[in-house]
Amino acid sequence: MVELKLKNIDVFYDDFHAVKHVSLDVKDAEIVTLLGPSGCGKTTLLRTIAGFIHPVAGTVLVDGKDITYFPPQKRNMGMIFQNYALWPHMTIEENIGFGLKIRGVPSDQIVKRVAELLKVVQLEGQEKKYPTQLSGGQQQRVALARALAIEPVVLLCDEPLSNLDYKLRVELRTEIRDIAKKMGVTVVYVTHDQTEALAISDRIAVINHGIIEQVGTPFQIFHDPDNLFVATFIGESNLFEGTIEQIQNNSVTIKLDAGITITKHFETQIELNVGDKVTVMTRYDGFKANEQYPVVFSGKVKHKAFMGTYIQFELSLGNGDSLFYNEQEALDLIQTLDIGDELTVSLPTEKILVFNGAGARLR
């Protein structure tokens, strides 16, 4: 059992507070992704786990053991970098076995371990080549095998697929997840790519300005966000500003600036008043053009695009706001609608999320 715990981690760069009171538990054999925009602190947090950065405050624990100030080489963690970081003068087998060699592992055991890992990453027969003789995807497979060779307690991945083209990213993220699960390794994975995070993770920690905004499964993060930042960072979203017109028990009537009136029932009584401003969010794929749901938007087609499995429309609403929606069923609309034509779409009330002025989700 290998469990990683971060307790109240604070990291500063001079007077810049890069990581703020972060606590996170990563379970044995779990893949947890640190997701957020550039500069949010996710790589700083990963480097703190690795031992390249020491926190000003807080604790890093592995299986209950405090390793906060251990040097990197004493942590037995494997790391995959964005730029592969392979030794160009070493063959593939030498790169993979390098960590074992400096640990004094007998050569016959190194040969056996390298052969096993070459099979795992599907690079049998490539062991005598040099990194420059391989493609980017193959080099990242070598980096993965090298990180796994030492049987790390935790595998750390710092945006390992960002240098690859889309097809290879999709292929390798699946392989990394499958290999990690097969080998039972605990993984902390950093990315700014929301699709990659959704595909590879058991849980996602969304980070913003050095703070973890929410931790949850990919389904929870996408469909049940805690605040406006998480809701808009994951997935495609329409945002509409509105004003509370009426509150009756747990039902609230909201008048959007776009002229639409929405009545939504909440699980608990909300702590807002008539006249307060709120933000209403909808996903692009929540609307239907051929259904009669309670919430109705009408506008003129401003733009349309065939996206393969769906058609994306941009509608211009009465007040000048835009509404984007993806139509997957009524695909004949792309043939019959022209720019400037009127289109009415609707969606169920439960597909609308509402946030207060501070960005907190109203439930």
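The values are calculated or read from the model by the stated rules, or taken from the named source; none is laboratory data. Everything quoted here is computed from the prediction, not taken from an experiment. Because the Cβ atoms are built from the backbone with ideal geometry, glycine has one as well, and the counts that use them run over all protein chains shown. Calculation scope for accessible area: heavy atoms of the full protein, side chains included, ligands and nucleic acids excluded. Shrake-Rupley method; radii C 1.70, N 1.55, O 1.52, S 1.80 Å.
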³J(HN,Hα) computed for each position of segment 326-334 - Karplus, 6.51 cos²θ - 1.76 cosθ + 1.60, integer Hz, glycine/proline x: 9, 9, 9, 10, 7, 5, 5, 4, 5
Under 5 Å between amide H atoms, partner at least 5 residues away or on a different chain: which partners does ILE254 have, H built in plane at 1.01 Å? GLU245, ILE262, THR263, LYS264
Calculate the spin-label point distance for GLN248 paired with LEU61, positioning each point 7 Å from the Cα along the beta-carbon direction, and give it in nanometres. 5.2
With θ set to phi - 60°, apply the Karplus curve 6.51 cos²θ - 1.76 cosθ + 1.60 along segment 272-281 and write out the HN-Hα couplings as whole Hz, x wherever there is a Gly or Pro. 9, 10, 4, x, 5, 8, 9, 10, 9, 10
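Using the C-alpha atoms of segment 82-135, what convex hull volume per residue, in cubic angstrom, is computed?
Details: hull volume 4.9 nm³, N = 54.
Normalising the Cα hull of segment 82-135 by residue number yields 90 Å³.
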Let's test this: bin the Cα-Cα distances of segment 159-206 at 10 Å from zero up to the farthest pair and state each bin's percent. 25, 60, 15
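Would you mind telling me the share, in percent, of accessible area of segment 44-159 contributed by carbon and sulfur at probe 1.4 angstrom?
Details: 2910 of 5530 Å².
Ligands and nucleic acids excluded, carbon and sulfur give 53 percent.
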Length gained when the stretch ILE334-ASP165 is fully extended (0.36 nm per residue, less Cα-Cα span): 57.9 nm
Calculate the FRET efficiency for SER322 and LYS20 from the Cβ-Cβ distance with a Förster distance of 30 Å, rounded to the nearest 0.05. 0.30
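Diagonalise the Cα gyration tensor of segment 1-148 and give the resulting equivalent ellipsoid semi-axes, square root of 5 times each eigenvalue, largest first, whole Å.
On the way: eigenvalues 205, 61, 37 Å².
Over the Cα atoms of segment 1-148, the semi-axes work out to 32, 18, 14 Å.
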Under 5 Å from the placed amide H of LEU362, counting only residues 5+ away or on other chains, we find VAL354, PHE355, ASN356
Spread of Cα-to-Cα distances over 5 Å intervals beginning at zero, given as percent, for segment 49-100: 4, 17, 21, 19, 14, 12, 8, 4, 0
Summed side-chain charge close to ASN8 - residues other than ASN8 whose Cβ falls under 14 Å, Lys, Arg +1, Asp, Glu -1: 0
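Over every pair of different alpha-carbon atoms in segment 132-191, take the mean of 1/r and invert it; report that Kirkwood radius in Å. Each step should come with its number before you reach the end.
Details: mean 1/r = 0.0840 Å⁻¹.
Across segment 132-191, the inverse of the average 1/r is 11.9 Å.
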With no solvent and one equal point scatterer placed on each C-alpha of segment 78-194, evaluate the Debye formula and give log10 I(q)/I(0) for q = 0.11, 0.13, 0.19 Å⁻¹, two decimals. -0.32, -0.45, -0.99
Cα centroids of segment 80-119 and segment 123-138: how far apart, whole angstrom? 13
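Loop only per DSSP, at most 15 neighbouring Cβ atoms within 10 Å: give me the chymotrypsin sites (Phe, Trp or Tyr not before Pro) in segment 243-331, ordered by residue number.
Numbers: sites: PHE266, TYR284, PHE287, PHE297, PHE306, TYR310, PHE313, PHE324, TYR325; in loops: PHE266, PHE287, TYR310.
Here the chymotrypsin sites (Phe, Trp or Tyr not before Pro) that fit, given the DSSP loop and packing criteria, are PHE266.
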Positive-pole candidate from LEU117, PHE70, ALA18, dipole of segment 1-148, charges at beta carbon: LEU117
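Per residue, how large is the accessible surface of the chain? Use a 1.4 angstrom probe and give square angstrom. Numbers along the way, then the final one.
Values: 17340 Å² over 363 residues.
With all protein chains present, the chain gives 48 Å² per residue.
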Could you order peptides 26-35, 132-141 by the average number of other Cβ atoms within 10 Å of their residues, highest first? 26-35, 132-141
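Between beta-carbons, use under 13 Å as the cut-off and find the net charge around GLU171, counting Lys and Arg +1, Asp and Glu -1. Don't skip to the end; give the middle numbers.
On the way: positive: ARG141, LYS167, ARG169, ARG173, ARG177; negative: ASP165, GLU175, ASP178, GLU196.
Here the charged neighbours net out to +1.
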Would you check segment 111-242 for Lys pairs whose C-alpha atoms are within less than 17 Å, ignoring same-chain pairs closer than 8 in sequence, and give me the count? 5
Take the alpha-carbon centre of segment 1-59, take the same for segment 321-353, and report the distance between them in whole Å. 42
Per the charge dipole of the chain (beta-carbon charges, Lys/Arg positive, Asp/Glu negative, Cα centre), the residue among LEU100, GLN220, GLY235 reaching farthest to the positive end is LEU100
Give the residues of segment 273-293 whose amide nitrogen is closer than 16 Å to a point set 7 Å from the Cα of THR344 in the direction of its Cβ. 288-293
When Lys and Arg each count +1 and Asp and Glu each count -1, what net charge do the other residues less than 12 Å away from GLY41, Cβ to Cβ, add up to? +1
Overall Cα dimensions of the chain - principal axes, largest extent first, Å: 74, 50, 35
With no solvent term and unit scatterers on the alpha-carbon positions of segment 188-313, Debye gives log₁₀ I(q)/I(0) at q = 0.09 Å⁻¹ of -0.35
